[in-house]
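Asker: Quick one: the structure is below, and I'll ask about it shortly.
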Amino acid sequence: MIIRDKSNSFALLFAWSGTILPKVMPALMMVVFISTVLVYLSSHHYVQAPAVPAIGFTIFGVILSIFLSFRNTASYERWWEGRKLWGQLIATSRHLARDSYVLPPAERPVLMYRVMLFRNLLKNRLRTQNEPIDFYHNKVNLSPADYQALFGHINAAQFILEQIQKDLVKALHSGELSDIVYHGLNKHIISLGDIQAGCDRILTTPLPFSYSVLLHRTVYCFCFILPFSLEANLGIWTPILVGLIAYLFLGLDALSEQLEEPFGLQDNDLPLSAMVRLIEREMLSALGEELPPAIQAIKGNLT
């Protein structure tokens, strides 16, 4: 995610890193090049390209704007839902840290470390990563067989929730926990499972491929037709105005593509690593343990 000071309007105007411009620059330069060549050939009367009918081009642009707006709205909703789910994950972790004081002193750290491990495994699942989890090896009270099972489990994050649930049920049956305390803690575990299910829903259900491809092709067709539609009226201004219009349409198309998958590693995706580290620091602080450093933005980009 881009983290940057927006108070300097001049710097924002000429920002490059973290913007969508580098991604669309090849197509944008091609459109401007075509416009420049067309203006040159027309001004020297080498070629007189027939203008695209204004009414047809206008209808084409209006329809494209409507559908592009719909796709950007749908993509942003997916991004915002992902952020709400991870905000709920942070809140649930804080609730667990407070409510877990009812557990025996030896059991509370195990529960909290398992919750921290759950978040790391969920992040790895959403980003298709395999970042090491050796830090938790001796802290989550898993047998060697169960710990090794994590690496080959179809859903390692769910496996950790199952282990938490098993221990809570065992404590309930042994009389270490009352029914009220058990249901209070179990409510938070259910919430963690719901959060994972919501993230999986976003991850495994992208926008329909055919719809995305259709809109992507239409945007590029529109941009490459632009010079032939505007050259007769704009003259030497054609490359500049065509470039600005193409930047708007190509940029919105590329931006919606990034927002559609909010859990990745692109510039505008959610900073899952930073949020996982935030929760780790808060829970380790509650345990009185040494805190790892907070993840800082690198060149304005927070991962």
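The values are calculated or read from the model by the stated rules, or taken from the named source; none is laboratory data. Everything numeric in this text was worked out from a predicted model, so none of it was measured. Please note: Cβ atoms are built from the backbone with ideal geometry, for glycine as well, and neighbour counts cover all protein chains shown. For the accessible areas, the whole protein counts, side chains as well, though only heavy atoms, and no ligand, DNA or RNA atoms are used. Shrake-Rupley method; radii C 1.70, N 1.55, O 1.52, S 1.80 Å.
Asker: Provide the solvent-accessible area of residue 179, counting protein heavy atoms only and rolling a 1.4 Å probe, rounded to the nearest 10 Å².
Answerer: 100
Asker: Binning at 20 Å from 0, report for the chain what percent of all alpha-carbon pair distances ends up in each bin.
Answerer: The calculated distribution, bin by bin, is 27, 42, 22, 9, 1.
Asker: Order the following by accessible area, largest value first: 237, 80, 86. Probe radius 1.4 Å; ligands, DNA and RNA are ignored.
Answerer: Result, largest first: 237, 80, 86.
Asker: When only the heavy atoms of the protein chains count and the probe is 1.4 Å, how do 37, 242, 102, 213 rank by accessible area, highest first?
Answerer: Ranking 37, 242, 102, 213 by accessible area, largest first, yields 102, 37, 213, 242.
Asker: May I pose another question? Report the calculated FRET efficiency for residue 151 and residue 95 (r = Cβ-Cβ distance, R0 = 25 Å), to the nearest 0.05.
Answerer: After rounding to 0.05, the efficiency reads 0.25.
Asker: Kirkwood-based Rg over Rh for segment 219-262 (C-alpha set), two decimals?
Answerer: 1.13
Asker: Mind jotting down the distance between the C-alpha centroids of segment 252-303 and segment 15-46, whole Å?
Answerer: One Cα centre to the other: 35 Å.
Asker: Relative contact order for segment 233-302: what percent, with Cα pairs under 8 Å and sequence separation of 6 or more?
Answerer: The normalised contact order for segment 233-302 reaches 19 percent.
Asker: Still on this model: Using a 1.4 Å probe, what is the accessible area per residue for the chain, in Å²? Working shown, then result.
Answerer: Numbers: 16550 Å² over 303 residues.
Result: 55 Å² of accessible area for each residue.
Asker: While we're on this one: Under the 0.36 nm per residue contour assumption, what length would be gained going from the current alpha-carbon distance of residue 180 and residue 19 to full extension?
Answerer: This chain segment gains 52.9 nm when fully extended.
Asker: Each residue of segment 39-44 in turn: what ³J(HN,Hα) in whole Hz from Karplus with 6.51, -1.76, 1.60 and θ = phi - 60°, glycine and Pro shown as x?
Answerer: Residue by residue, segment 39-44 yields 5, 5, 5, 6, 5, 9 Hz.
Asker: Work through the residues other than residue 215 whose Cβ is under 9 Å from its Cβ and net out their charges, Lys, Arg +1 and Asp, Glu -1.
Answerer: +1
Asker: Can you give me the relative contact order of segment 154-303 as a percent, contacts being Cα pairs under 8 Å and 6 or more apart?
Answerer: 14
Asker: Taking the chain as a Gaussian network, where each spring joins two C-alpha atoms under 10 Å apart, which residue of 290, 257, 176 fluctuates the most?
Answerer: Highest fluctuation of the listed residues: 290.
Asker: Once R0 is set to 30 Å, what does the formula 1/(1 + (r/R0)^6) return for the Cβ-Cβ distance between residue 41 and residue 210, expressed as a FRET efficiency to the nearest 0.05?
Answerer: Efficiency computed from Cβ-Cβ geometry: 0.20.
Asker: Sticking with this one: Give me the count of lysine pairs in the chain whose alpha carbons sit under 20 angstrom apart, restricted to pairs 8 or more positions apart or on different chains.
Answerer: Taking the Cα cut-off of 20 Å, the pair count is 9.
Asker: Now a separate question. Kirkwood hydrodynamic radius, segment 146-207, all distinct C-alpha pairs: what's the number in Å?
Answerer: For segment 146-207, the Kirkwood estimate is 13.2 Å.
Asker: Quote the FRET efficiency, to the nearest 0.05, computed for residue 291 versus residue 245 with a Förster distance R0 of 41 Å and r equal to the Cβ-Cβ distance.
Answerer: Here the calculated transfer efficiency is 0.25.
Asker: Can you give me the solvent accessible area of residue 58 with a 1.4 Å probe, rounded to the nearest 10 Å²?
Answerer: 80
Asker: Under 15 Å from the Cβ of residue 73, count the other residues' Cβ atoms, weight Lys and Arg +1, Asp and Glu -1, and hand me the total.
Answerer: -3
Asker: A further question follows. Computing the accessible area with a 1.4 Å probe over protein heavy atoms, can you report the carbon and sulfur percentage for segment 17-163?
Answerer: That share works out to 65 percent.
Asker: Another question about this same structure. Read phi for every residue in segment 145-150 and hand back ³J(HN,Hα) as whole Hz from Karplus 6.51 cos²θ - 1.76 cosθ + 1.60, θ = phi - 60°, with x for Gly and Pro.
Answerer: Result, ordered by residue: 5, 5, 5, 5, 5, 4 Hz.
Asker: May I pose another question? In whole percent, what relative contact order does the chain give with Cα contacts below 8 Å and a gap of six or more residues?
Answerer: Values: 289 pairs, mean separation 116.9, N = 303.
In percent, rounded to a whole number, it is 39.
Asker: Once label points are set 7 Å from the Cα along Cα→Cβ at both residue 278 and residue 29, what is their separation, rounded to one decimal in nm?
Answerer: The answer from the label model is 3.8 nm.
Asker: Another question, then. Can you tell me the 0 to 90 degree angle between the C-alpha axis of helix 54-99 and the longest principal axis of the chain, rounded to 10?
Answerer: So the inclination is approximately 20 degrees.
Asker: 5 Å is the cut-off here: which amide hydrogens, built 1.01 Å from N in the peptide plane, fall below it relative to residue 301, excluding neighbours closer than 5 in sequence?
Answerer: For residue 301, the qualifying residues are 3.
Asker: Run through all the Cα pairs of segment 111-175 and give the fraction in each 5 Å bin from 0, expressed as whole percent.
Answerer: 4, 17, 29, 26, 14, 6, 3, 1, 0
Asker: Using just the alpha carbons, could you tell me how many Å³ per residue the convex hull of segment 154-303 encloses?
Answerer: Roughly 163 Å³ of hull volume per residue.
Asker: To continue, here is another question. Give, as a single signed number, the net charge of other residues whose beta carbon lies under 15 Å from the beta carbon of residue 164, with Lys and Arg counted +1 and Asp and Glu -1.
Answerer: Details: positive: 108, 114, 119, 139, 166, 170, 187; negative: 99, 107, 146, 162, 167, 176, 194.
Neighbour charge sum, excluding residue 164 itself: 0.
Asker: Ok, one more. Hey, if we sort 173, 183 by accessible area with the 1.4 Å probe, largest down, what's the order?
Answerer: 173, 183
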